[in-house]
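> One structure follows; several queries about it will come next.
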Amino acid sequence: MLDGLRVLDLADASGALCGRILGDLGADVVKVEPPGGDPSRSEPPFADDLPALDRSLSWFAANVNKRGVTLQLESETGRELFTRLSKSADIVVETPAPGQGLDYDELAAINERLILVTLTPFGADGPASELAASDLEITASSGSLWLAGEPGRTPVRTSVPQTPAWTGMYAAAGALMAVLAREATGRGQHVDVSAQAGMVTAVSQAPIFWDLLGEEQYRSGAFLEGRSLTGAKFRNIWPCCDGFVTFALYGGQAGRETGRALVEWMNETLPGGAPDLLRALDWDRFDVTTASQGDVEQIEALIGPFFLGLSKVEFFSQVTNRKMLGYPLSTVDDLTADPQLASRGFWQPIDAPWDGQVCMPGSFALFDAARPELRRTAPRLGEHNVEVFQGELGLRSDEVIALRSAGVL
């Protein structure tokens with residue numbers, strides 16, 4: 001889809017997904033690193049400690065479908081070479097330290113069609129624009145950390161950083177909108193992406209409750225809140241014999257079919273059939289908005305032991321066959337064997353910089369019923385220096401060697 005589009009990717013791990021998405025869509029993405037390498041890179045052979053392995057695999061995953069060059073942008077020669085690269089580029093992606101980003105006006109003077117995508121913790125202006133922040137600070141400032149965890153207990157963070165995914169996704173979307181706008185105007189523009197703002201959209205229901213009702217949202221753990229006029233909460237995550245599943249007690253038009261199917265399932269499975277209370281329940285008239293907490297707990301106490309006797313596979317097989325609402329909580333191991341992902345060719349083998357192959361997530365969508373193939377593995381440090389600087393910019397081989405010796409490449 002983006003064949004012929006050139007992207008210069010200066011982003012670190014906090015914004016690398018933007019270039020990965022553009023590369024998945026067919027753009028020629030050139031990862032630009034300092035001669036010492038991106039700090040989040042860990043070249044093979046791997047260190048024995050797990051954090052080094054994690055960083056290297058994360059870097060590898062975010063930089064598939066990219067070429068790679070090294071360039072010391074702090075040197076005058078390095079900046080001159082970057083200027084030459086920018087003249088033929090369509091998009092530049094950066095994750096600068098506060099106050100150190102590229103000057104869009106200067107880039108536009110070189111190439112008026114160039115689009116600059118800047119990803120920062122809080123955006124390019126405003127009172128927090130000069131602040132640095134990690135994933136933890138960004139999730140805290142966005143409100144998403146406040147909502148994660150058990151009621152009355154300390155908020156908890158997700159083990160894998162979330163802001164790079166949300167920020168990278170929105171940055172790619174912004175870049176594509178700028179490309180579309182350029183078709184009409186002939187000019188590029190500056191796409192200013194705030195990681196804080198991107199994470200706010202992950203918990204968009206909380207600002208809506210505040211805007212409409214003036215209500216603050218709180219951590220609810222395994223329960224759903226905000227559905228009842230009585231203040232009742234409903235269990236949404238249930239233990240089963242080998243993990244957890246999701247299921248929400250509902251009635252009326254939205255949930256009556258699931259409720260009836262659950263009773264039928266219990267009648268067919270349990271020695272004495274479904275509990276009397278569930279069989280007698282009028283699922284057409286059961287209203288979650290007016291049910292008391294006592295009523296909800298009484299019903300859930302009868303459902304819980306039933307789910308606890310099921311495996312995740314058994315649960316999902318039955319809810320799909322019976323057209324119920326519910327889903328198992330997948331582990332990473334579950335995802336690698338997920339038949340839905342496999343049927344759509346999501347996992348794709350690709351050569352690794354070390355020996356052998358790894359299975360990587362493919363692009364995010366199918367186009368004309370086909371998922372774009374992963375075209376190239378993540379680049380080794382400076383792997384395409386000769387290809388880009390000598391083959392495309394026209395430097396002589398002795399110049400490339402001299403620049404490498406001088407620490408520019």
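The values are calculated or read from the model by the stated rules, or taken from the named source; none is laboratory data. The structure displayed is predicted, hence computed values, not measured ones. A quick note on method: Cβ atoms are made from the backbone with ideal geometry, for glycine too, and the neighbour counts reach across all protein chains shown. Ligands, DNA and RNA are excluded from the accessible area calculation, which covers all protein heavy atoms including side chains. Shrake-Rupley method; radii C 1.70, N 1.55, O 1.52, S 1.80 Å.
> Give me the percent of Cα-Cα pairs in segment 351-409 that sit more than 16 Å apart, rounded to a whole number.
Within segment 351-409, distances greater than 16 Å cover 61 percent of Cα pairs.
> With 10 Å bins from zero, work out the P(r) of segment 262-409 over every alpha carbon pair and list the percent per bin.
8, 21, 19, 15, 14, 9, 7, 7, 1
> May I pose another question? Give a residue-ordered list of calculated ³J(HN,Hα) values for segment 286-296 (Karplus: 6.51 cos²θ - 1.76 cosθ + 1.60, θ = phi - 60°; whole Hz; x for Gly, Pro).
5, 10, 5, 6, 10, 5, 7, 4, x, 4, 4
> Right, next: Students sometimes get this wrong: rank F316, F306 by accessible area, probe 1.4 Å, all chains present, largest first.
Sorted by accessible area, descending: F316, F306.
> Where both residues lie in the chain, what percent of DSSP beta bridges are antiparallel, nearest 5?
Of those bridges, close to 40 percent are antiparallel.
> Next question. How big is D for the chain, in µm² s⁻¹ as a whole number, if Stokes-Einstein is applied with the Kirkwood radius of its Cα pairs at 10 °C and 1.306 mPa s?
Calculated translational D: 64 µm²/s.
> At a 1.4 Å probe, what is the % contribution of carbon and sulfur to the accessible area of segment 77-196?
Its accessible area is 55 percent carbon and sulfur atoms.
> Leaving out same-chain residues fewer than 8 places away, which aspartates and glutamates sit with a Cα under 14 Å from that of K87?
Leaving aside aspartates and glutamates fewer than 8 places away in the same chain, those within reach of K87 are D105, E106, E112, E392.
> Return the equivalent ellipsoid semi-axes of segment 97-201 as a descending list in whole Å, where each equals the square root of 5 times an eigenvalue of the C-alpha gyration tensor.
Sorted largest first and rounded, they come to 32, 15, 9 Å.
> Same structure, new question: Give me the orientation-averaged projected area of the Cα convex hull of segment 300-345, in nm², one decimal.
The Cα convex hull of segment 300-345, projected and averaged over all directions, gives 3.9 nm².
> Out of residues 5 or more away from G68 or on other chains, whose amide H comes under 5 Å of its own, with H placed 1.01 Å from N in the peptide plane?
Distant-sequence amide H within range of G68: K31, E383, H384.
> Return the single residue from A181, A172, A13 with maximal mean-square fluctuation; model: Gaussian network over the chain, springs between Cα atoms under 10 Å.
A181
> Ignoring ligands, DNA and RNA, how do M177, M360 rank by accessible area with a 1.4 Å probe, largest first?
Greatest to least solvent exposure: M177, M360.
> While we're here: Might you tell me the accessible area per residue for segment 186-242, computed with a 1.4 Å probe and given in Å²?
Here the residues of segment 186-242 average 56 Å² of exposed surface.
> If you don't mind, another one. Through the Karplus equation 6.51 cos²θ - 1.76 cosθ + 1.60, θ set to phi - 60°, convert the phi angles of segment 218-227 into ³J(HN,Hα) values in whole Hz; use x for Gly and Pro.
10, 4, 10, x, 8, 10, 9, 10, x, 9
> For segment 199-261, how big is the tail of P(r) above 15 Å, as a whole percent of Cα pairs?
Here the long-distance tail beyond 15 Å is 65 percent of all Cα pairs in segment 199-261.
> Whose amide H sits under 5 Å from the amide H of L224, counting only residues 5 or more places off or on another chain, with H placed in the peptide plane?
Amide H to amide H, under 5 Å and 5 or more residues apart or across chains, L224 pairs with F234, R235, N236.
> Give the separation of the Cα centroids, segment 322-389 to segment 154-197, in Å.
That distance is 21 Å.
> Also, quick follow-up: Would you please classify the overall shape of segment 172-323 from the alpha carbon gyration tensor, given that a ≥ b ≥ c denote the square roots of the eigenvalues, rounded means a/c under 1.5, and beyond that prolate means a/b larger than b/c while oblate covers the rest?
Prolate shape, in that a/c is at least 1.5 and a/b is the bigger ratio.
> Determine ³J(HN,Hα), in whole Hz, for all residues of segment 254-267 in sequence, where each value follows from phi through the Karplus function 6.51 cos²θ - 1.76 cosθ + 1.60 and θ = phi - 60°; x replaces Gly and Pro.
With coefficients 6.51, -1.76 and 1.60, one gets 6, x, 5, 5, 5, x, 5, 5, 5, 4, 4, 4, 5, 4 Hz.
> Sort segment 316-389 into rounded, prolate or oblate with this rule: let a ≥ b ≥ c be the square roots of the eigenvalues of the Cα gyration tensor; rounded if a/c is under 1.5, and if a/c is not under 1.5, prolate when a/b is larger than b/c, oblate otherwise.
Prolate shape, in that a/c is at least 1.5 and a/b is the bigger ratio.
> Rounded to the nearest percent, how much of the accessible area of segment 283-332 (1.4 Å probe, protein heavy atoms only) is carbon and sulfur?
58
> Quick check on segment 59-123: take the gyration tensor over C-alpha atoms, sort the square-rooted eigenvalues as a ≥ b ≥ c, and tell me if it's rounded (a/c under 1.5), prolate or oblate.
rounded
> I've got another one for you. Under a plain spin-label model, where a point goes 7 Å from the Cα along Cα-to-Cβ, how far apart in nm are Q357 and R153?
4.3
> Taking amide H atoms as placed 1.01 Å from N in the peptide plane, list the residues 5 or more away in sequence, or in a different chain, whose amide H sits under 5 Å from that of M360.
Long-range HN contacts for M360: Q348, I350.
> At 1.4 Å probe size, with every protein chain present, just tell me what the per residue accessible area of segment 296-409 comes to in Å².
On a per-residue basis, segment 296-409 sits at 59 Å².
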